[in-house]
Amino acid sequence: ARAQAMEVVESPSVDYADIGGLEEQTREVREAVEAPLLDPEQFETVGISPPTGVLLHGPPGTGKTMLAKAVANQTDATFIKMAGSELVQKFIGEGARLVRDLFELAAEREPAIIFIDEIDAIASKRTESKTSGDAEVQRTMMQLLSEMDGFDQRGDISIIAATNRFDMLDRAILRPGRFDRLIEVPEPNAEGRHEILKIHTGRMNLADSVDLEALAEDTEGFTGAELESLATEAGMFAIRDERTEIRREDFDEAMAKISSEESAGTPIAFY
Ligand code: ATP
């Protein structure tokens with residue numbers, strides 16, 4: 001049952017070229033994760049230690065998981081993913097044990113990249129309350145930190161974490177020797193949205209009426225994940241109309257559909 005909490009992929013199929021608009025972030029991830037795995041001597045020669053852990057932070061759906069998978073692909077590493085929320089919610093009382101298993105599995109499968117999504121679930125700023133649930137979360141986090149402390153002789157294992165709630169993080173996990181390399185992954189700007197749209201429409205038969213650059217301008221606030229569903233929805237409208245070519249109006253309808261879904265999903269405020 002415990003193994004089910006982890007997603008394990010040998011050398012995932014995501015490539016840097018599949019990621020739009022994150023050139024700077026890609027460069028930083030390569031420096032912090034790829035270089036130490038592929039060329040550790042470089043760090044020894046220069047006389048510095050590579051970063052212990054990398055923390056990717058930014059809104060949901062912006063490409064954090066993709067970045068981690070792309071590095072695993074590039075380094076031919078096993079990608080081992082675990083969500084912080086699963087560590088503490090799914091297997092109550094087993095969080096610390098799961099963390100131990102995670103690092104054991106990584107050692108068996110090295111080179112490996114451990115990816116902990118939603119790290120905030122185990123590393124939020126402490127509130128005053130000291131309920132048993134809190135103590136369990138605390139133990140899970142202590143286990144993670146102690147695994148990372150024992151990382152000096154770690155061999156070929158890298159650890160990447162991600163969060164959408166950087167402001168809520170316990171700053172203790174950001175100290176040197178812990179998650180000591182921060183990389184912000186923001187919402188894409190117009191240029192980034194254009195790159196992402198090109199990637200996700202790459203296999204689509206677009207009519208000349210579709211202007212991706214204009215579409216990028218019109219989709220301010222969309223994340224990569226939302227742009228991907230925009231392209232998919234547009235394709236669905238073409239299929240409904242029994243066409244294989246995707247037209248501008250398909251994207252217009254897709255936009256309308258997504259916007260209405262978004263406003264329907266807005267939570268009602270309580271006063
Ligand atoms: P979360 O915080 O919700 O886990 P995330 O930042 O890890 O989100 P991903 O899982 O990497 O987001 O992205 C989800 C999907 O959205 C990807 O599989 C991809 O199809 C699309 N996507 C997101 N960002 C990008 C991007 N920069 N370029 C291309 N596709 C993207």
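The values are calculated or read from the model by the stated rules, or taken from the named source; none is laboratory data. Being a predicted model, the structure only gives us computed values, none of them experimental. Cβ atoms come from the backbone with ideal geometry, glycine included; neighbour counts cover every protein chain shown. Each accessible area value is taken on the protein alone, full model and side chains, heavy atoms only, with ligands, DNA and RNA left out. Shrake-Rupley method; radii C 1.70, N 1.55, O 1.52, S 1.80 Å.
The table that follows gives values for the structure above.
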| quantity | calculated |
| --- | --- |
| Criterion (outside any helix (DSSP H, G or I), away from the ligand (no atom under 16 Å from the Cβ) and either closer than 15 Å to K69 by Cα or polar (S, T, N, Q) (or both)) met by exactly one of V54, V8 | V8 |
| Sole exception among (1) in contact (Cβ under 8 Å) with a residue 24 or more places away in the chain; (2) open to solvent by 20 Å² or more (accessible area, probe 1.4 Å); (3) part of a helix (DSSP H, G or I) for E44, by number | (1) |
| Output for region 175-211, where each listed residue is in contact with a strand residue (DSSP E or B) (Cβ under 8 Å, 6 or more places away or on another chain) and either assigned to a helix (DSSP H, G or I) or of a type in the set (S, T, N, Q) (or both) | T201, N205 |
| Single match in A72, A32, A17, A68 (criterion: hydrophobic (A, V, I, L, M, F, W, C) and either open to solvent by 20 Å² or more (accessible area, probe 1.4 Å) or assigned to a loop (DSSP other than H, G, I, E, B) (or both)) | A17 |
| Some residue of region 217-225 being in contact (Cβ under 8 Å) with a residue 40 or more places away in the chain and part of a helix (DSSP H, G or I) | yes |
| Condition broken by R97, with the remaining ones in (1) in contact (Cβ under 8 Å) with a residue 24 or more places away in the chain; (2) open to solvent by 10 Å² or more (accessible area, probe 1.4 Å); (3) closer than 15 Å to E10 by Cα; (4) more than 13 Å from the ligand (Cβ to nearest atom) satisfied | (3) |
| Residue in region 199-217 that is under 18 Å from the mean Cα position of the chain (by Cα), away from the ligand (no atom under 14 Å from the Cβ) and either surrounded by 17 or more Cβ atoms within 10 Å (Cβ to Cβ) or within 30 Å of E253 (Cα to Cα) (or both) present | no |
| Any hit, region 76-92, residues being part of a helix (DSSP H, G or I), β-branched (V, I, T) and at pLDDT 95 or above | no |
